[in-house]
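Data block below; observations after.
The values are calculated or read from the model by the stated rules, or taken from the named source; none is laboratory data. Because the structure is a prediction, the values reported are computed rather than measured. Cβ placement follows ideal geometry from the backbone for every residue including glycine, while neighbour counts extend to all protein chains displayed.
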Amino acid sequence: MQASGRIHSDLERGFIRAEVIPYEVFMEHGSEQAVKTAGLLQIEGKEYIVGDGDIMHVRFNV
């Protein structure tokens, strides 16, 4: 995931996956937990194109 490499090179090197919540979905549901409960948390791989406003937890192992 090249976007993680722009933040820190270790993230790009050890990237496993990203948990993504589009901003609009987050605002509609009001919290991360509500998004998870609704089943709308996205698990994305290296090919994911980061969208403007995406809220992400990057999973990595270095």
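Where strands (runs of 3 or more DSSP E) fall entirely within the chain, those with at least 1 residues that are modelled with pLDDT under 90 are at 15-21, 55-60. Counting the residues of the stretch 27-57 that are in contact with a helix residue (DSSP H, G or I) (Cβ under 6 Å, 6 or more places away or on another chain) and not aliphatic (A, V, I, L, M) gives 2.
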